[in-house]
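Asker: I'd like to ask you about the structure that follows.
The values are calculated or read from the model by the stated rules, or taken from the named source; none is laboratory data. Just so it is clear, the model here is predicted, and its values are computed rather than measured. Cβ atoms come from the backbone with ideal geometry, glycine included; neighbour counts cover every protein chain shown. Note: areas computed on protein heavy atoms with side chains; ligands, DNA, RNA excluded. Shrake-Rupley method; radii C 1.70, N 1.55, O 1.52, S 1.80 Å.
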Amino acid sequence: MNNFSRLDLNLLVTLDTLLAERNVTRAAERLNLSQPSVSVQLAKLREVFGDPLLLPAQRGMRPTARADELREPLREALEALGRAVAPTRPFDPAEASTTWRVAAADYAESAILLPALAGLRAAAPNTRLAVVEAVPSRMARQLESGEIDLFFHTSVGAPPGLHARVLFHERYVLVGRAGHPRLKRRPTLAQFCALEHVVVSLAGGGFAGPTDEALAERGLTRRVVLSVPHFLFMMSALAATDMVAMLPERLARGASGLRVVEAPLEVPGYEMAMLWHERRHRDPAHRWLREQIVAGL
């Protein structure tokens, strides 16, 4: 390219971020720059390449054909440069000041991250951990762009092409408040269906889940009277009422104010996995973090 001498690394990094985000404001946030600064750099990039690169669209910006051609070669070049300048010495957690970003729903926070926290803080006291909302539709993009380091999700539904490690198999148990009159012993199937149930609907507003599918196979239904988006509120609701719920066992065991009993039907469980992108697979710090999380389970 004739204009190569007019480019610097910062412009290339800005272009890579803009192509990933397709939004000047979000790109500025990721780059820790002001929006006007990113706009100025975009103007320089347009001049150098002789192409608009990104055009206004209904939501954010739309890349031109030239920008689409640049995206993969640019990312590969920046990743190669990152590997070239990366330190070769082993990762030392005691001296590290890394900030990790992981995506987890409240269940994964309690079942996976909480058990690992004490070990992480003791071994790497100068590091930081940011836990962000887990949005499955953003998983592949966030991991690919480096916005997050790890995503915790069920094995089913994980996008192809990501590295995955199954952490454990989870099963469901029946949970209600301590002293619940209908949970002194395992209820019959008819008693189970007659109870008032709570479900967690991560997408919001749903009143059915795996338990209802298992019941439907027997031609049965249950009374689902409350749908909530988070487990924390569900558990508070259970402790304060006579409602019950089918909960992941790791979340329910040891919970204050709640009683756990076996359900009168078998509901298929699921595998919980830790997911990450190839770009971080061989990074010593990232590998250490993964090992710490597994060790904490």
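Asker: Under a point spin-label approximation (7 Å from Cα along Cα-to-Cβ), what is the F91-H163 distance to one decimal in nm?
Answerer: 0.9 nm
Asker: Sequence-distant or interchain residues sharing an amide H contact under 5 Å with A263, placed H: which?
Answerer: For A263, whose amide H was placed from the backbone, the distant partners under 5 Å are L174.
Asker: Continuing with the same structure: Under the rule of -39500 (n - 2.57) per DSSP H run of 4 or more residues, summed and divided by the residues of the chain, what mean residue ellipticity at 222 nm is obtained, to the nearest 500 deg cm²/dmol? Working shown, then result.
Answerer: Working: 11 runs with 114 residues, N = 297.
Helices in the chain give a 222 nm mean residue ellipticity of -11500 deg cm²/dmol.
Asker: Can you tell me how much longer the chain between E72 and A130 gets when fully stretched, taken as 0.36 nm per residue apart minus their C-alpha distance, in nm with one decimal? Show your work: numbers first, answer last.
Answerer: Details: separation 58, 0.36 × 58 = 20.88 nm, distance 2.83 nm.
This chain segment gains 18.1 nm when fully extended.
Asker: I would also like to ask the following. Could you order E291, E147, E262, E213 by accessible surface area, starting with the largest, using a probe radius of 1.4 Å?
Answerer: Numbers: E291 100, E147 50, E262 75, E213 125 Å².
So the residues, ranked largest to smallest area, are E213, E291, E262, E147.
Asker: Also: Can you give me the % of accessible surface on the stretch 4-85 that is carbon or sulfur? Probe 1.4 Å, all protein chains present, nothing else counted. Can you show the working numbers first?
Answerer: On the way: 2550 of 4900 Å².
That share works out to 52 percent.
Asker: Relative to the longest principal axis of the chain, what angle (0 to 90°, nearest 10) does the C-alpha long axis of helix 284-296 take?
Answerer: Rounded to the nearest ten degrees, it is 10.
Asker: Also, I was wondering about something else. Whole number in Å², please: accessible area per residue of the chain, 1.4 Å probe, ligands, DNA and RNA not counted. Before the final figure, lay out each step's value.
Answerer: Values: 16130 Å² over 297 residues.
Using a 1.4 Å probe on heavy atoms only, each residue of the chain averages 54 Å².
Asker: Let me spell out the model: positive unit charges on the Cβ of Lys and Arg, negative unit charges on the Cβ of Asp and Glu, origin at the Cα centre of the stretch 172-268. What dipole size does that give, in debye rounded to 20? Let's see the in-between values first.
Answerer: Values: 11 positive and 8 negative charges, 81 e Å.
The calculated dipole for the stretch 172-268 is roughly 380 debye.
Asker: Using alpha carbons only, how many angstrom separate the centre of the stretch 94-157 from the centre of the stretch 227-272?
Answerer: For the stretch 94-157 versus the stretch 227-272, the Cα centre distance is 24 Å.
Asker: Skipping prolines and chain starts, which residues have an amide H placed within reach, meaning under 5 Å, of the one on V224, given they are 5 or more residues away or on another chain?
Answerer: Those qualifying (amide H under 5 Å, at least 5 residues apart or on another chain) are H197.
Asker: Same structure again: Please list 3J(HN,Hα) in residue order for the stretch 109-116, calculated via the Karplus relation 6.51 cos²θ - 1.76 cosθ + 1.60 where θ = phi - 60°; whole Hz, with x for glycine and proline.
Answerer: After applying 6.51 cos²θ - 1.76 cosθ + 1.60, I find 4, 6, 7, 10, 6, 4, x, 8 Hz.
Asker: Relative to the longest principal Cα axis of the chain, at what angle does helix 35-49 sit, 0 to 90 degrees, rounded to 10?
Answerer: Compared with the principal axis, the helix lies near 50 degrees.
Asker: How large, in Å, is the chain by the Kirkwood hydrodynamic radius built from its alpha-carbon pairs? Could the numbers behind the result be given before it?
Answerer: Values: mean 1/r = 0.0447 Å⁻¹.
Computed over Cα pairs of the chain, the Kirkwood hydrodynamic radius comes out at 22.4 Å.
Asker: Sequence-distant or interchain residues sharing an amide H contact under 5 Å with R62, placed H: which?
Answerer: Under 5 Å from the amide H of R62: L55, A57.
Asker: Further question: Quick check on the chain: of the DSSP beta bridges with both residues there, what percent are antiparallel, nearest 5%?
Answerer: On the way: 22 of 35 bridges.
So the antiparallel bridges amount to about 65 percent of the total.
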